[in-house]
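Working notes, beginning with the structure itself.
A short reminder: the numbers here are calculations on the coordinates, not readings from a lab. The shown structure was predicted, so the numbers you read here are calculated from the model rather than taken from an experiment. Every residue, glycine among them, receives a Cβ derived from its backbone with ideal geometry; neighbour counts consider all protein chains shown.
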Amino acid sequence: MSCPSAYHNKHISIDNIFANHLFFKSHVINQWDFEYFIIWKGYDLFKASYNTLQNLLEEYRTALHALLKEKTLPRDVKSYLKLLKEKYKAFKHQDLRNSKQTPPNLITHHVNADNVNYGTVVGDMHMVKYVKNHRYTQQAEPVLSMIGNAELDEYRKQTDGRNLELPGTISQFIDDFEKAMYKNDPKSLITWMLKAKLHAWMQDDDDLKKVIEIYEYLVQNLPQLKQIDKNDSELQCFFPTYHILNILFRNTDIKLVIGEKGCDATKAARENNEQCTTTKKPSNIHGRKLDLILQSNNVELCSAEWKSMAATNVTLMKQYVKNLRVNKCILVELSKILGDDDIEILGMDWKGFVGYIYVLKTIDKVTFAKEVCRLFLPQDQCEFQDFRHTIAALLHFKTHYYNIGNIVKFKCAQRRRKRQLDDLFDATPSVSRSPSPHTFFTPKRHNTRQ
């Protein structure tokens, strides 16, 4: 039994007010099952007592009966409601008495990007929530109703407050550049920037030197950037952005790893997942491959993904859910290395020359992601007027990981000294049981699932 295809991922307007009517009003029709009702009421299907589930089931069936009296409901929807009543009548006598059923696939819940503003990845005790446009609502997803508006507002406050102001010298250069851009031809503009760069070298202003070099690169390559469109591959969109990031992280201990390298943090997470889904010993498990991974002292700091300008919304949704999972795994491993549960990382996604940076942070066992700012690369001279905001965001991105990289370097030195002493005194490391998965991935082989 399934929801009528015509109403899949659709909401229905409900006029009458009855007990628990908000459940049906806030959920799409294919999420009207009892398992979603349990979550919406704030209970854990696997931990709730038998009596609690019985009471919830009675509430749910009463609400179904009341909804059937709604005169404006389409005939197909009413037929579906009747099937739900029959399904959970049998559920009450056969399944609920002896065991608790596994809820619908909340492990990898994919959301239609055209209908809602949320992408969700849910784990055992952790959630990853990507919130677009700073909007918070409990109606978009059933999981949010477990948190509440007050908590969501508190999470928002804890992820706000970023200083994206440009230093005075860089802001002054951009002001002067915008004036010079309209007064000079391209050759004269390049000459003007070379003089500005020489002055920055004399002042030994490292960030200013890098910003001028970025502007110089964009001005010189603007004719080629203009030609890149939906017919070009994601690699052609990737390399200009990579070149700019390479300039920013020059003379730091941050390494930019490209070429679809596997992520070690996701390999460890997938091994934990496989141990929970198969009785066989996991083997030949590889980490998720990414377009770019930032590393410091061989420790992964974050990942970034690119898609071409022709990528569809569905493809983009899959990309950022994948990247959220990867960065969640990196966040967990980084927290262990630094011994800091309050650490946060910045992730990055791109479509063509347009992208965004989001912050990922764990608060009260909820891994929360929120957009920080939007990015773009100019393809026309007029777009430089808005480019200062992207420069400010990229400088913040660089500074954030430069600071984390210094801490990682210090912690790695501590661990190296500890290992040397352990080897000296032949210390036997303590053996702990395998941890519970912190981020869920699709099992490697479906035929090994138990």
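Brief remarks follow.
- In terms of distances greater than 28 angstrom between alpha carbons, the cross-link table entries Lys187/Lys209; Lys209/Lys328; Lys87/Lys361; Lys289/Lys411; Lys195/Lys398 yield Lys209/Lys328; Lys87/Lys361.
- By the beta-carbon count within 10 Å of each Cβ, the least crowded to most crowded order of Thr72, Thr362, fewest first, is Thr72, Thr362.
- Distance between the C-alpha centres of the range 331-405 and the range 161-235: 21 Å, rounded to the whole angstrom.
- FRET E, pair Asp386, Glu260, Förster distance 35 Å, beta-carbon r, rounded to 0.05: 0.65
- Using a simple spin-label model with pseudo-atoms 7 Å out from Cα toward Cβ, Arg162 and Trp201 lie 3.3 nm apart.
- Of the residues Arg417, Arg250, the one with the fewest other Cβ atoms within 10 Å heads the list, and the complete ranking is Arg417, Arg250.
- The string of couplings for the range 303-317 from the Karplus curve (6.51, -1.76, 1.60, θ = phi - 60°) is 10, 9, 10, 10, 10, 6, 5, 8, 4, 7, 4, 5, 4, 5, 4 Hz, one whole number per residue in order, with x for Gly and Pro.
- Modelled label reach - Ala310, point 7 Å along Cα→Cβ, the range 341-356 residues with backbone N closer than 17 Å: 351-353
- Modelled label positions at Phe239 and Tyr50, each set 7 Å beyond Cα in the direction of Cβ, lie 6.8 nm from each other.
- On full extension, the segment bounded by Lys336 and Leu83 gains 86.2 nm, given 0.36 nm per residue less the C-alpha separation.
- Shown for Asp342, Asp207: other C-beta atoms within 10 Å of each C-beta, ranked fewest to most, produce the order Asp342, Asp207.
- Binning the C-alpha pair distances of the range 228-411 at 10 Å intervals from 0 yields a P(r) profile of 9, 35, 37, 16, 4, 0, 0 %, listed from the shortest bin outward.
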